[in-house]
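Engineer: Right, I'll just put the structure down here and ask away after.
The values are calculated or read from the model by the stated rules, or taken from the named source; none is laboratory data. None of the values given here were measured: they were computed from a predicted structure. Positions of Cβ are generated from backbone atoms using ideal geometry, with glycine treated the same way; all protein chains shown enter the neighbour counts. Accessible surface is based on the protein model in full, side chains and every heavy atom, while ligands, DNA and RNA are left aside. Shrake-Rupley method; radii C 1.70, N 1.55, O 1.52, S 1.80 Å.
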2 protein chains.
Amino acid sequence: MRPAFEVFSSDGAARLGRLTLAHGVVETPAFMPVGTYGTVKAMTPEELTNLGAQIVLGNTFHLMLRPGTQVIDAHGGLHRFMHWPHPILTDSGGFQVFSLKSLRRITEEGVRFRSPIDGSEVRLTPEDSMAVQLSLRSDIAMALDDCTPYPATEQQARESMERSMRWAARSHEYYHRQEPPGGLFGIVQGGMYAHLRLASLESLSERDWPGLAIGGLAVGEPEEERLRILEALTRRLPPDRPRYLMGVGRPEEIVAAVLRGVDMFDCVMPTRHARNGHLFTSTGVINIRNSAHQTDLGPVDPGCACYTCRHYTRAYLRHLDRCNEILGSRLNTVHNLYFYLQLMRTLREAIAAGRLTSWAQGYLAGRRAAADAVA
Amino acid sequence: MRPAFEVFSSDGAARLGRLTLAHGVVETPAFMPVGTYGTVKAMTPEELTNLGAQIVLGNTFHLMLRPGTQVIDAHGGLHRFMHWPHPILTDSGGFQVFSLKSLRRITEEGVRFRSPIDGSEVRLTPEDSMAVQLSLRSDIAMALDDCTPYPATEQQARESMERSMRWAARSHEYYHRQEPPGGLFGIVQGGMYAHLRLASLESLSERDWPGLAIGGLAVGEPEEERLRILEALTRRLPPDRPRYLMGVGRPEEIVAAVLRGVDMFDCVMPTRHARNGHLFTSTGVINIRNSAHQTDLGPVDPGCACYTCRHYTRAYLRHLDRCNEILGSRLNTVHNLYFYLQLMRTLREAIAAGRLTSWAQGYLAGRRAAADAVA
């Protein structure tokens, strides 16, 4: 089913929307927890639903290597494999391949790399990526792109972007050869060069995409650079299509991007941080491993209503972390995902009430103060 | 509150009972999942309750080292520390200390050992064990005993048993100096010598215990030895007190012991096996890591109604295991604990219906056939 997007309220550049997909509805702005190997680490699908997740992200690169598409195909797709009946977005696999650096070789055809699992040579062309994503039966698939590194010269960024555009065209053609199970999003590239970004958008507009993503940000660039590119782009992105900022990010980065009209986000930060004992709170990130929490009978965040904060002390969580207990990773993940998903609810409410700008000013000032205090 | 035990039905030597403790009622025969560090590994308390656990076991040895009694005391005891509102039995710490072997030194006073956490010297006397268990506020505490190794000469077994009896007396005296939060169980020792076992029971009968445990079994002895000792003892144990066979065991061992009149069990097997990918089924144990399960779209056990079997395939569980995913440990643990707790429900129903002997014959024959098939 082709994704349908409806914007029914806006506040400045920010939009309140509803994305209707094959497996359900996603309210935007939305955060997508990352389920790399067909599981959002440490969580059951029911827990994710209770936390307020409406869509999760699956990683094409990881799933094609383990367990392989054949196994998932035999289950009838990723939803049934992982017992998640709600929407799934799959990435193209490109970002992970480009992260391999020394193990990969890029040509016009696509990219070849050595599997980090067993060392065998693996090929990933736009057609390969589409074939895998089609067999995963994701609600939203992503075109294969060449993710421009940071920093890059203008020529590097242009060549990379133009390759991405040719791959996007091939992705689009392959994906639509038969009735697809979902919709394909295009990805704008162009590095930190606004004119290349707009050229990329222009190129993509030759085809019909039910949504567009902004790739190649959150790759190490300064915040000003990111916001400059974001502002240049969001002014020109079609207003009736969802906008997905890939791989972003920290809570304050999400707020900044929503203010500029972005609708969808994904990031491993809440889940990865949780397993490392880093917990988000309204006054900054705490490290539960810190000995200061050894006898702390308070919750992670007194203002938080999550399962973890309602029932467990910082001292208990620190103890679980020290003992490498699985329950520690679970309770930390519950807390961090709740924090992110609660942030998205708050953003949606603020947009609906037309008070996003003032809310965000207070929020961002608070985060800066918290960051200063921690530093 | 002193434990109160009521036997309201029996079938041969087997008994159906109800143990009323400070934090709730336990139906017997009962299996106690092991919560070493204040968590039954990978499970939340709510999940344990849903699986049918009515009591869990806490390890004094581990908890006194991490996080230490001070932290748990500050929470008001182990129940509140770990958010488990139902009954808890704590062991004495003795078994773990004796497992250290080279790190320990036993005297009449008690035992001294090097902490495996930080190498410091730690003392555990009967009084120390009671002080820790009192601060944990367990519903059932265990007397400190000297666990006789297997094999042992008669003299070794006698000396060890007699030391256990002196320590039991000191444990009893210390535990009852003030109004205790629960009740103290004595432990029968004596190795594989029936006359020493009866002498131990005779010695314990000089004091009042709300329950008695059989220690020093499941230490590597042949099944015939264990059953011989068990039968000699259960004929003489006071019929109005619960009988706890420590550290046992495999499903067929539990059935054999229930047939002989045992009421309570604990074992790490279901939870530890789960994390190693060994899953209990009605036709034997399967290893989910086996490549035979790679494309198996069936559940772990078609006859099982647990959450894992209702929603996930063997292929998915194998994939999670290969990727070291936390959810794999969780789903496997849910299945194995359900298997054990379902076995206890079945045993209680069979006793109530007066058909335990015939049910057990069929069950044990089936397990032997399954074991032969696996071998």
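Engineer: Which value at 222 nm does chain B reach when only helices count, each DSSP H run of 4 or more adding -39,500 (n - 2.57), with the total divided by all residues and rounded to the nearest 500 deg cm²/dmol? Write out the running numbers ahead of the final one.
Structural biologist: On the way: 15 runs with 162 residues, N = 375.
Result for chain B: -13000 deg cm²/dmol, rounded to the nearest 500.
Engineer: Give the shape of the range B:324-370 as rounded, prolate or oblate, defined through the alpha-carbon gyration tensor: a ≥ b ≥ c are the square roots of its eigenvalues, a/c under 1.5 means rounded, and otherwise the shape is prolate if a/b is larger than b/c and oblate if not.
Structural biologist: Working: a/c = 7.83, a/b = 2.03, b/c = 3.85.
It is oblate, given that a/c is not under 1.5 and a/b is not larger than b/c.
Engineer: Let me ask something else. Could you work out the Rg to Rh ratio of the range B:1-96, with Rh taken as the Kirkwood radius (inverse of the mean 1/r over all Cα pairs)?
Structural biologist: On the way: Rg = 14.5 Å, Rh = 14.4 Å.
The Rg/Rh ratio comes out at 1.01.
Engineer: Percent antiparallel among DSSP beta bridges with both residues in chain B, to the nearest 5?
Structural biologist: 50
Engineer: Once amide H atoms are built 1.01 Å from N in the peptide plane, which residues 5 or more positions from residue B:300, or in another chain, come under 5 Å H to H?
Structural biologist: Those lying under 5 Å, H to H, from residue B:300 are B:314.
Engineer: So, one more: Defining a contact as two alpha carbons under 8 Å apart and six or more residues distant in sequence, what relative contact order in percent does chain B show? Before the final figure, lay out each step's value.
Structural biologist: Numbers: 708 pairs, mean separation 65.8, N = 375.
Result for chain B is 18 percent.
Engineer: For chain B, set up a GNM with springs between Cα atoms under 10 Å and report which of B:362, B:17, B:328 has the largest fluctuation.
Structural biologist: The residue with the greatest mean-square fluctuation here is B:362.
Engineer: If you consider only alpha-carbon coordinates, what radius of gyration and Dmax does the protein assembly as shown have, in Å?
Structural biologist: Values for the protein assembly as shown (Cα only, Rg and Dmax): 30.3, 93 Å.
Engineer: OK, next. Mind grabbing the accessible area of residue A:8 for me, 1.4 Å probe, Å², rounded to tens?
Structural biologist: 100
Engineer: What is the distance in Å between the Cα centres of the range A:301-315 and the range B:79-141?
Structural biologist: About 29 Å separates the Cα centre of the range A:301-315 from the one of the range B:79-141.
Engineer: Determine how large the accessible area of residue B:122 is when every protein chain is in place; take a 1.4 Å probe and give Å² rounded to the nearest 10.
Structural biologist: Residue B:122 has an accessible surface of roughly 20 Å² with all protein chains in place.
Engineer: Restricting the count to DSSP beta bridges whose residues both fall in the protein assembly as shown, what percent are antiparallel, rounded to a multiple of 5? Each step should come with its number before you reach the end.
Structural biologist: Working: 46 of 87 bridges.
Here the antiparallel bridges make up roughly 55 percent for the protein assembly as shown.
Engineer: Residue A:276 label points, 7 Å along Cα→Cβ, one per copy: pairwise distances from this copy to the rest in nm, shortest first?
Structural biologist: Once sorted, the set of distances for residue A:276 reads 3.3 nm.
Engineer: Using a 1.4 angstrom probe on the protein heavy atoms only, could you order A:297, B:51 from most to least accessible area? Present the calculation step by step, with values, prior to reporting the outcome.
Structural biologist: On the way: A:297 85, B:51 15 Å².
Accessible-area ranking of A:297, B:51, largest first: A:297, B:51.
Engineer: Pop out the ³J(HN,Hα) list for the range A:70-82 in order, Karplus 6.51 cos²θ - 1.76 cosθ + 1.60 with θ = phi - 60°, rounded to Hz; leave Gly and Pro as x.
Structural biologist: With the stated coefficients, the range A:70-82 comes to 4, 5, 5, 4, 4, 7, x, x, 5, 4, 6, 4, 9 Hz.
Engineer: Apply the Karplus parameterisation 6.51 cos²θ - 1.76 cosθ + 1.60, with θ equal to phi minus 60°, to every residue of the range A:237-251 and state each ³J(HN,Hα) to the nearest whole Hz, in sequence, with x for glycine and proline.
Structural biologist: Those phi angles translate into 5, x, x, 9, 10, x, 10, 10, 9, 6, x, 9, x, 6, x Hz.
Engineer: Averaging sequence separations of C-alpha pairs under 8 Å and six or more residues apart, then dividing by the length of the range A:126-232, give the relative contact order as a whole percent.
Structural biologist: Values: 160 pairs, mean separation 31.5, N = 107.
It comes to 29 percent, rounded to a whole number.
Engineer: I need the shape label for the range A:232-375. Rule: rounded when a/c is under 1.5, else prolate if a/b > b/c, else oblate, with a, b, c from the alpha carbon gyration tensor. Provide the component values of the computation, followed by the final result.
Structural biologist: On the way: a/c = 2.37, a/b = 1.98, b/c = 1.20.
In terms of gyration-tensor shape, prolate.
Engineer: Once both axes come from the Cα atoms, what is the angle between helix B:356-374 and the longest principal axis of chain B, in degrees from 0 to 90, rounded to 10?
Structural biologist: Result, in degrees: 70.
Engineer: Place the label 7 angstrom along Cα→C-beta at residue B:118 and in each other copy, then list the distances from the first to the rest in nm, shortest first.
Structural biologist: So the label point of residue B:118 gives 4.7 nm to the other copies.
Engineer: A follow-up question, please. Taking square-rooted eigenvalues a ≥ b ≥ c of the alpha carbon gyration tensor, is chain B rounded, prolate or oblate, where a/c under 1.5 means rounded and, failing that, a/b exceeding b/c means prolate?
Structural biologist: Values: a/c = 1.59, a/b = 1.32, b/c = 1.21.
Prolate, because a/c is 1.5 or more and a/b exceeds b/c.
Engineer: If you average the alpha carbon positions of the range A:227-257 and of the range A:164-202, how far apart do those two centres end up, in angstrom?
Structural biologist: First find each Cα centre; the distance between them is then 17 Å.
Engineer: Distances over 20 Å make up what percent of all Cα-Cα pairs in the range B:47-203? Present the calculation step by step, with values, prior to reporting the outcome.
Structural biologist: Values: 6309 of 12246 pairs.
Considering the range B:47-203, 52 percent of its Cα-Cα pairs are separated by more than 20 Å.
Engineer: Which chain A residue puts its Cβ closest to the axis that rotates A onto B, and at what distance in whole Å?
Structural biologist: Result for the A and B rotation: A:326, 3.
Engineer: I would also like to ask the following. Would you please give the residues with an amide H less than 5 Å from that of residue B:30, counting only those at least 5 places away or on a separate chain, with H modeled from the backbone geometry?
Structural biologist: B:264, B:265
Engineer: Just tell me how shielded A:287-296 is by partners: mean number of partner chain Cβ atoms within 10 Å of each residue's Cβ, no decimals. Kindly include the intermediate steps, with their values, before the conclusion.
Structural biologist: Working: counts 0, 0, 0, 0, 0, 0, 0, 5, 6, 2.
Going residue by residue through A:287-296 and averaging, the value is 1.
Engineer: Show A:285, A:300 ordered by accessible area, largest first, where the area counts protein heavy atoms only and the probe is 1.4 Å. Mind showing how you got there, number by number?
Structural biologist: Details: A:285 50, A:300 0 Å².
From most accessible down to least: A:285, A:300.
Engineer: For chain B, set up a GNM with springs between Cα atoms under 10 Å and report which of B:364, B:337, B:89 has the largest fluctuation.
Structural biologist: With Cα springs under 10 Å in chain B, the top fluctuation among B:364, B:337, B:89 is at B:364.
Engineer: Counting only protein heavy atoms, what percent of the accessible surface of the range A:212-271 is carbon or sulfur at a 1.4 Å probe? Don't skip to the end; give the middle numbers.
Structural biologist: Values: 930 of 1930 Å².
Heavy-atom surface of the range A:212-271 belonging to carbon and sulfur, 1.4 Å probe: 48 percent.
Engineer: Would you compute, for the Cα atoms of the range B:179-232, the largest minus smallest coordinate along each principal axis and list the three values in descending order, in whole Å?
Structural biologist: For the range B:179-232, the Cα extents along the three principal axes come out at 41, 20, 14 Å.
Engineer: Using modelled backbone amide H atoms (1.01 Å from N, in-plane), which distant-in-sequence or interchain residues come within less than 5 Å of residue A:10's amide H?
Structural biologist: A:16
Engineer: For peptide A:68-78, compute the average count of partner chain beta-carbon atoms within 10 Å of each residue's beta-carbon. Working shown, then result.
Structural biologist: Working: counts 3, 0, 2, 9, 3, 0, 6, 5, 1, 0, 0.
The shielding value for this peptide is 3.
Engineer: Please give the Cα centre distance for the range B:34-54 versus the range A:44-76, rounded to the nearest Å.
Structural biologist: Centre-to-centre distance over Cα atoms comes out at 27 Å.
Engineer: Show me the ranking of peptides A:216-227, A:186-197 by mean Cβ neighbours inside 10 Å, starting with the highest. Write out the running numbers ahead of the final one.
Structural biologist: Numbers: A:216-227: 16.9, A:186-197: 23.7.
Top of the packing list down: A:186-197, A:216-227.
Engineer: With a 1.4 Å probe and every protein chain left in place, tell me how much accessible area residue B:286 has, in Å² to the nearest 10.
Structural biologist: 30
Engineer: Residue by residue through B:37-44, how many Cβ atoms from other chains fall within 10 Å of the Cβ on average? Walk me through the numbers on the way to the answer.
Structural biologist: Working: counts 8, 6, 10, 2, 4, 6, 3, 8.
Shielding by partners across B:37-44 averages 6.
Engineer: How much net charge surrounds residue B:129 when only other residues with a Cβ under 11 Å from its Cβ are counted (Lys, Arg +1; Asp, Glu -1)? If you can, show how the numbers build up before the last one.
Structural biologist: Details: positive: B:123, B:170; negative: B:91, B:127, B:128, B:145.
So the environment of residue B:129 carries a net charge of -2.
Engineer: I need the phi-derived Karplus couplings for the range B:323-328: 6.51 cos²θ - 1.76 cosθ + 1.60, θ = phi - 60°, integer Hz, Gly and Pro marked x.
Structural biologist: With coefficients 6.51, -1.76 and 1.60, one gets 8, 6, 7, 4, 4, x Hz.
Engineer: May I ask you to report, in nm to one decimal and beginning with the shortest, the distances from residue A:357 to the same position in the other copies, taking label points 7 Å along Cα-to-Cβ?
Structural biologist: In nanometres, ordered from closest: 8.7.
Engineer: Now a separate question. When only alpha-carbon atoms are used, what values of Rg and Dmax, in angstrom, describe the range B:42-128?
Structural biologist: Final numbers for Rg and Dmax: 14.9, 44 Å.
Engineer: For chain B, set up a Gaussian network in which alpha carbons nearer than 10 Å are linked by springs, and say which option among B:20, B:346, B:36 fluctuates the most.
Structural biologist: Maximum fluctuation in the GNM of chain B, among the listed residues, is at B:346.
Engineer: Kindly work out what percent of the DSSP beta bridges joining two residues of the range B:1-160 are antiparallel, to the nearest 5. Don't jump to the answer; show the numbers that get you there.
Structural biologist: On the way: 19 of 26 bridges.
Roughly 75 percent of the beta bridges in the range B:1-160 run antiparallel, per DSSP.
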